[in-house]
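No lab work stands behind these numbers, since they all come straight from the coordinates. Computed from a prediction, not measured in an experiment: that's the story for all the values here. Cβ sites come from the backbone with ideal geometry, for glycine too, and all protein chains shown count toward neighbours.
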Amino acid sequence: MKFTDTFIRRPILAISISLLIVLLGLQALKGMQVREYPKITNTVITVTTSYYGASANLIQGFITQPLEQAIAQADNIDYMTSSSQLGRSTITVNMKLNTDPNGALSDILAKVNSVRSQLPQEAEDPSLDMSTGSSTSIMYISFSSEELNGSQITDYLERVVKPQLFTVPGVAKVNLYGGTEFALRIWLDPDRMAAYNLTASEVISVLKANNFQSAPGQATGYFMLYNADAKTQVDNVADLESLVVASRDGAVIRLRDIAKVSLEKNHDTYRAMADGKDAVVIGLDPSPSANPLDIAALVRDMMPELQRNLPSTIKMELLYDSTDAINESIDEVVKTIVEAGLIVLVVITLFLGSLRAVVIPVITIPLSLIGVVMLMQLFGFTINLMTLLAMVLAIGLVVDDAIVVVENVDRHIKAGEDPFRAAIIGTREIALPVISMTITLAAVYAPIALMGGVTGSLFKEFALTLAGSVFVSGVVALTLSPMMCSKMLKAHSNPNAFERGVENTLGRLTEAYRNALDKVMTRRPVFIVFGIIVFLSLPVLFKLIPSELAPSEDKGAYMMMARAPNTANLDYIQNNMREIGDKLKQDPAMATSLAFAGVPNSNQGMGIAVLKPWSEREDIKTVLHRTNASMQDMPAVTVSTFQFPELPGAGGGLPLQFVITTPNNFESLFQVAMDVMEKVKAHPAFVYSELDLTFDSATMRIRVNRDKAGAYGITMQDIGVAMGTMMSDGYVNRVDLDGRSYEVIPQVERKYRLNPESIKRYYVRAADGRSVPLANLVDIDLVTELRALPKLNQQNAATIAIMAIEPMGSAVKFFEDEVVPSLPAGYQHDYLGESRQFVTEGNALFATFALALFVIFLVLASQFESIRDPLVILVSVPLAICGALIAMAWGLATMNIYTQVGLITLVGLITKHGILICEVAKEEQLKQGLDRMEAVKLAATVRLRPILMTTAAMVAGLIPLMGAQGAGAISRFGIGLVIVAGLSIGTLFTLFVLPVIYTYLAERHQPLEVFDETIPPKAGGHH
């Protein structure tokens, strides 16, 4: 191919093209966004409806069920879960990946509004929240005080801090844990109410009628307007205490006569502790499309100003920032890029022996890495862990084409040509193989870019960045490298000692290889059998390798979940979470800890243990093992520790969650779930398991004697209102205090609702005006029922959450083989959490792998104009994969999305060797008339040096990945191991097995048929 001659003859043109690539790349780099992963939109919409005091069954039947039916009609729903429990309905809608979050929110809001009229009037309006679905926030900031209580701190945060945090772009939600908002609490005394012959209904009516938000409007004169503001609302504790409730025999009964009024926290639903001490904690949740790195950076910039304005009685501390691990990981990859570049430089120097020759391929590294940024900006990509990892791999790849050019030009110089002629001749010979290798590598990654799901979203930018860098390197290798060869390479008249040593070593190696290849050719059947054995071993090796979606990385922190009995209250959970925090303080690897009581469910606690920097402690698996051992002596709660989910969109909870669904009742479902639990508990690899469906929640089943109530003239509504007012903590209305509204909540003090017998001390009024105790009207039975009624996709569901010490693939296989076949008719199964991602995405890359092989075959068939030569080249693929699988089967890595991408990369790398050999063999057949055996022997010998050089450069470039440490090290090690082991062993096999296969299978090339333009067509004339 002669088009390369132009760049050799016109060096300014070649230099200008490269400088243009650099300029455009640097310009693009200035505006590139930095993220952890490529932009992936995980949208989770939560619909919460409160109906204070209502039982779980009532919530499910009258709120959850109609809302679920309506929401299910929305578009792009992946799956939907719900939980109906005392006083609250929660529906969680997980949208399909990359769904427009605002469109999804609007769609679901419309569906919710369509059934609002069907919900009970006493229930609050449903509220909708949009998030990424993560069980943890990206940042936690604690606020504590020795003088102020949690509600006072919360009031300050609500008024001052929270509004400022909402100004940060991308913040979707500012969660407050540990302190609840103020409310005017009216602590009713049922005995005094009975003495005054007052009922709960009367008190509620008075509160509604005399704490009224009026809107009187304005008076309009002929020339003046007068705005009206009527004080019909209570605005302090004293006014509320003085409120007239009733009048008896001329005496006025005020609220303070039957109740205590105080400004306290409204609903005590969860609490927080920072380093074992009570605190109010702010958790920041990002919107689905936001960049956590940007949010964290802006919040950190804001914190000094928040600190400056903070009251002296409140202490602020940043407890946990999830972006620390992200930044650490990005820094490690950037450092790896520099290290790989230096190592490749050394390796190329050892092979070429001349510093002049080394400069030519090395210059392609910065040109390709900077140039690909231009393409990344064109495609809308970002700087993230995936694209940076692609650049690490690219360092060894981009020098390949230039090495091949330099080696071929150098070969002609040694044959006696001057550098200019050698550059022309050598580049012409090698241009087609370089183009073919570039297209082949790009073709390998094209199928990845077409994938969907999380895997496709993650690796699209990786694949196209790597393909783009190879494309840029191909342009540089055919424009700048030949020109530099003509100017910088010199005739080897007086080589120095180092150059002579390199040349002699490579010469002896080439001669030894030639002799070995001659011997191999006399024993071809042996190597054919060897190749067949390697091919047959692949399925066996695949079965030996454990599989998972992604390896568990050390993110500098881990999660804890504590589960208490369903009857336990917040005090019980808080005391145990405090004890857990005390144990964590004793661990030498611990920096800080954060604990929540009542999160994510009322009988659970959640904690985050933040570790010291990576260099100051052991790896996280050692720390987790030590923590688990220290938690074994806590009988009051069951504690599980686990690492954060590796990929976005995994959701919350333990990594493995097996869900059984059915339209049958919960009692039947519970029996089936317990049968499954027996198998789970018998499995040695499942160290912790829990079932969310347990009949251990103490429930007062209150039966009303309707005949007695009717005789007294008492209605069911009277009894229901009395119990709801006394025990539930629903609010009646609101008051305005200093520009903010606070709830007014009537309820009896705790001492009047300690046990079921307390209910019998509540009174209702009979038709004749007498106060009748509920003891005369109701019977109470204590039964155990479900604390919550969970559903998945509108069917009753039981979830078994598991902590396993074996890879996810083995655990899922156990369920599919041992559990699913034994499920009764009418029962289905599903997965949640990381296990759902594994089942959905686990084998996606294998189909892509097959597609990549087919695409490469078509590219090679087009190049060689042959069906047989591409088959010869592809023989090297199973040889290389076998090498990678052997290393993985030894337990050095699992089969995950990173190692699978490594295998796909390996396909492109190993086929380059075959292309180099088969291209020369084809030319020798056509031009020299050699038979297949002689042609391939000559081709393999001629191409030995560039094959060894490109292999050594690629392997050396990945050495930093093999020694990776810190955040993200395991995934980098996995992909490096696959390529290093596969390429090293595969190259060794290819150098001997491929020539043997060529002698049997390759095309006997003949010149293409030439059309003789001098012969006129036999059918003359024109149409």
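Below is a table of values for the structure above.
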read-out: Charge tally in the Cβ shell below 15 Å around Thr382, where Lys, Arg are +1 and Asp, Glu are -1, Thr382 excluded; value: +1
read-out: Sites Val34 and Leu858, calculated FRET efficiency, Cβ-Cβ separation with R0 51 Å, nearest 0.05; value: 0.85
read-out: Two-site label geometry, Asn175 and Asn504: point separation in nm, points 7 Å out along Cα→Cβ; value: 7.0
read-out: Using alpha-carbon coordinates, inclination of helix 453-488 to the longest axis of the chain, degrees; value: 30
read-out: Prolate/oblate/rounded label for region 701-806 (Cα gyration tensor, a/c 1.5); value: oblate
read-out: Ranked Glu667, Glu841, Glu1009, criterion: other C-beta atoms within 10 Å, fewest first; value: Glu1009, Glu667, Glu841
read-out: Alpha-carbon centroids, region 208-236 and region 7-33: separation in whole Å; value: 72
read-out: Environment charge of Pro101, counting only residues whose C-beta is closer than 14 Å and scoring Lys/Arg +1, Asp/Glu -1; value: -3
read-out: Cα-based helix-to-principal-axis angle, 101-114 vs the chain, degrees rounded to 10; value: 30
read-out: The chain: angle of helix 716-727 to the longest principal axis, Cα-based, in degrees nearest 10; value: 70
read-out: Gln121-Arg1004 pseudo-label distance in nm [points 7 Å out on the Cα-to-Cβ vector]; value: 9.7
read-out: For region 625-640 versus region 946-991, the gap between their alpha-carbon centres in whole angstrom; value: 40
read-out: Square roots of 5 times each gyration tensor eigenvalue, C-alpha, region 43-131, largest first, Å; value: 22, 12, 10
read-out: Semi-axis lengths (Å, descending) of the ellipsoid that matches the C-alpha gyration tensor of region 281-368; value: 48, 14, 11
read-out: Estimated FRET transfer efficiency when R0 is 30 angstrom, pair Ser16-Asp418 (beta carbons, to 0.05); value: 0.75
read-out: Candidate lysines for bridging to Lys585, where Cα separation is under 24 Å - those fewer than 8 sequence places away on the same chain excluded; value: Lys277, Lys315, Lys555, Lys612, Lys621
read-out: For region 667-729 versus region 512-526, the gap between their alpha-carbon centres in whole angstrom; value: 79
read-out: Ascending count of other beta-carbon atoms within 10 Å, so fewest first, for Cys485, Cys918, Cys882; value: Cys882, Cys485, Cys918
read-out: The chain, helix-only ellipticity at 222 nm - DSSP H runs n ≥ 4, -39,500 (n - 2.57), divided by all residues, nearest 500; value: -16500 deg cm²/dmol
read-out: Rounded if a/c under 1.5, otherwise prolate or oblate - region 891-981, Cα gyration tensor axes; value: prolate
read-out: Theoretical gain in end-to-end length, Met302 to Ile435 [0.36 nm per residue, Cα-Cα removed]; value: 42.7 nm
read-out: Pairwise FRET efficiency - Thr840 versus Ser537, Cβ, R0 = 35 Å, nearest 0.05; value: 0.75
read-out: Length gained when the stretch Phe3-Leu624 is fully extended (0.36 nm per residue, less Cα-Cα span); value: 217.4 nm
read-out: Summed residue charge, Cβ within 12 Å of Val748's Cβ, Lys/Arg positive, Asp/Glu negative; value: +3
read-out: Residue order, fewest to most surrounding Cβ atoms within 10 angstrom, among Tyr320, Tyr52; value: Tyr52, Tyr320
read-out: Space enclosed by the convex hull of the alpha-carbon atoms of the chain, per residue, Å³; value: 276
